[in-house]
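Working notes for the structure below.
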Amino acid sequence: GKSLAYQLPALLNPGLCLVISPLIALMQDQVDALVAKGIAGSFVNSTLSGKERTKRLKAAAAGELDLLYITPERFRSQVFQEYLPQLPVSFLAVDEAHCISEWGHDFRPDYSRLGEYRKQLGSPPTIALTATATPKVAGDITRHLDLRDPAILRAGIERPNLFLGATRVFDDEEKLEVLASRLEALEGAGIVYSALIRDLERLSDELARRGRRCFVYHGGLSANERREMQARFMDSDGDVVLATNAFGMGVDKANIRFVLHAQVPRTLESWTQEVGRAGRDGEASWCELIYLEDDLAIQERFIRWANPTLEYLVGVYETLRAWGERIQTKELDDLRAELLVKERRDGRVNISLRWLEVLGITSGSFETHNLRIVRELDPAELPEFVGSEDKLRGDLTGLLGMAQFANADECRRVLLARHFELDEPDEPCGACDNCTEADAWRSAHFEGRPLSAGGE
């Protein structure tokens, strides 16, 4: 539905629709789907050779394309900047627009500069799309893109085919038993989300011991392994993927029958987006959080690792500068060691490096051994929220909201409507664990065994 909101105008209006999309991995599928329908679409990203990127930009400049997909990072490319004045951009589409806002659940520094890039394009008519935005995030999107009096269309999860629930457990063993019970009872294709790779692998081993084999998908796999696993899942009717939140964005599989969360997500927005991948065919689907209070500590740690202080970011810069010419002989792990980072999931180094790159302080990368400092850093250049206590406190408040949702005894859809400041349902939804008996709902919509094992 989101894609249609910019693809249809792109076909009806002259000129080029420039689509900002966050993930390179999605672009090929999106463009393939357009081309299969006879629509002139293309993408430009780092997976292509320089020659191929130039060829596609020339085609766009010549008016041969209706849609061109890029990541926001592409605006920092010198070649792209050279072609920018020639592109006949008449419409700008920003997908996953919550990435613009520091209060969004997947903030990306390059997205924060899209207002500046929009001005470079002549401030064309713009549409910003996201499945999950609170009014605060929507306000940020409007402000960062410099949209004047935009039409804002908002809707909640008004999909009665989704059963929404949360089951509390009290230790890892009980959690494992509940998950195994659910996978035994629920038919069809499904996704089980967890924040930690080791927990996914443990669950996979335990399920295999019980005769249930599942795919395991996470960022530690190679790009080819991830692509192959996603393709097999898309083609299946009954396979289950055990995944981190790296899986799912852009997965347009209509018949996902259940989405289970084995660990509490960081925000209610994240949970809403992930359960929204179930039941897109309109058929009954089961969405449940298996809530262990101890898991909050895992997400709290991730939040702190995603919010480097200003002093930390400046420390990364000073370390790079102190290396001088030796910087091009160094690896990312050398920087981690210098900063005493022992946990690879600690994202503060990577986030700091991204800000230095976005601000034009550095160019190149550790991977290509051409990283260098281009100019001095003035900390005043950074947005006010970078390294602020308010940002950290806001993220922790989001996690608290997720915990409160898990423990609440009100209608789940009322809680979601209240969180996103939408109109609350007048009557119990009849499709959540606080409005009806879980087993009764499932018996009416699924065949199989009851869901009574474990939990509260």
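The values are calculated or read from the model by the stated rules, or taken from the named source; none is laboratory data. Please read these numbers as outputs of a predicted model, since none were measured by experiment. Don't worry about glycine lacking a Cβ; one is built from the backbone with ideal geometry, like all the others, and counts go over all protein chains shown. Areas reflect the complete protein model, heavy atoms only, side chains present, ligands, DNA and RNA absent. Shrake-Rupley method; radii C 1.70, N 1.55, O 1.52, S 1.80 Å.
Observations on the structure shown:
- Among the residues listed as ARG159, ARG154, the single one being within 22 Å of LEU8 (Cβ to Cβ) and either at pLDDT below 95 or open to solvent by 30 Å² or more (accessible area, probe 1.4 Å) (or both): ARG154
- Residue match in the range 358-377 (condition: in a helix (DSSP H, G or I), touching a residue at least 24 places away in the same chain (Cβ under 8 Å) and surrounded by fewer than 19 Cβ atoms within 10 Å (Cβ to Cβ)): no
- Test result for ASP334, more than 28 Å from ASP395 (Cα to Cα) and touching a residue at least 12 places away in the same chain (Cβ under 8 Å): no
- The single condition among (1) in contact with an Asp or Glu (Cβ under 9 Å, 6 or more places away or on another chain); (2) under 20 Å from GLY360 (Cβ atoms); (3) open to solvent by less than 50 Å² (accessible area, probe 1.4 Å) that GLY104 does not satisfy is (2).
- Single match in PHE385, PHE405 (criterion: over 22 Å from VAL349 (Cβ atoms), aromatic (Phe, Trp, Tyr) and in contact with a helix residue (DSSP H, G or I) (Cβ under 6 Å, 6 or more places away or on another chain)): PHE405
- In the condition set (1) polar (S, T, N, Q); (2) at pLDDT below 95; (3) under 22 Å from LEU129 (Cβ atoms), SER46 is compliant with all but (3).
- When we screen THR130, THR167 for residues that are of a type outside the set (Lys, Arg), open to solvent by less than 20 Å² (accessible area, probe 1.4 Å) and under 30 Å from GLY279 (Cβ atoms), the only hit is THR167.
- Residue match in the range 405-427 (condition: polar (S, T, N, Q) and either part of a loop (DSSP other than H, G, I, E, B) or without any contact (Cβ under 8 Å) to a residue 12 or more places away in the chain (or both)): no
- For the range 292-331, a tally of residues being without any contact (Cβ under 8 Å) to a residue 12 or more places away in the chain, open to solvent by 30 Å² or more (accessible area, probe 1.4 Å), closer than 20 Å to THR368 by Cβ and not basic (Lys, Arg) returns 2.
- Selected residue (criterion: modelled with the highest pLDDT) from residues of the range 434-456 that are assigned to a loop (DSSP other than H, G, I, E, B) and among the hydroxyl-bearing types (Ser, Thr, Tyr): THR436
- Unmet requirement for GLU288, which otherwise passes all of (1) closer than 24 Å to ILE24 by Cβ; (2) of a type outside the set (A, V, I, L, M, F, W, C); (3) open to solvent by less than 10 Å² (accessible area, probe 1.4 Å): (1)
- For the range 30-52, a residue qualifies if it is assigned to a helix (DSSP H, G or I) and surrounded by fewer than 14 Cβ atoms within 10 Å (Cβ to Cβ), and the qualifying residues are ASP32, VAL35, ALA36, GLY50, LYS51, GLU52.
- Single match in LEU84, LEU65, LEU34 (criterion: closer than 18 Å to LEU121 by Cβ and free of Cβ contacts under 8 Å to residues at least 40 places away in the same chain): LEU84
- Residue count, the range 214-253 (criterion: open to solvent by less than 40 Å² (accessible area, probe 1.4 Å), farther than 18 Å from ALA195 by Cα and aliphatic (A, V, I, L, M)): 2
- Residue within the range 154-172 that is farther than 26 Å from ALA408 by Cα and not in a strand (DSSP E or B) present: no
- With respect to the stated conditions, VAL19 is touching a helix residue (DSSP H, G or I) at 6+ places or on another chain (Cβ under 8 Å) and at pLDDT 95 or above.
- Matching option when the condition is over 21 Å from HIS98 (Cβ atoms) and either within 22 Å of the chain's Cα centre (by Cα) or not in a loop (DSSP other than H, G, I, E, B) (or both), among ARG202, ARG212, ARG113: ARG202
Residues are listed down the side, and each one gets a yes or a no for (1) out of contact with any strand residue (DSSP E or B) (no Cβ under 9 Å at 6 or more places or on another chain); (2) open to solvent by less than 50 Å² (accessible area, probe 1.4 Å); (3) of a type outside the set (D, E, K, R):
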site	(1), (2), (3)
GLY394	yes, yes, yes
GLY398	yes, yes, yes
ALA406	no, yes, yes
ASP439	yes, no, no
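- Being closer than 26 Å to GLU228 by Cα, of a type in the set (A, V, I, L, M) and touching a residue at least 12 places away in the same chain (Cβ under 8 Å) is true of ALA254.
- The residues on offer are SER222, SER181, and the sole one that is farther than 27 Å from GLY401 by Cα, among the polar types (S, T, N, Q) and modelled with pLDDT under 90 is SER222.
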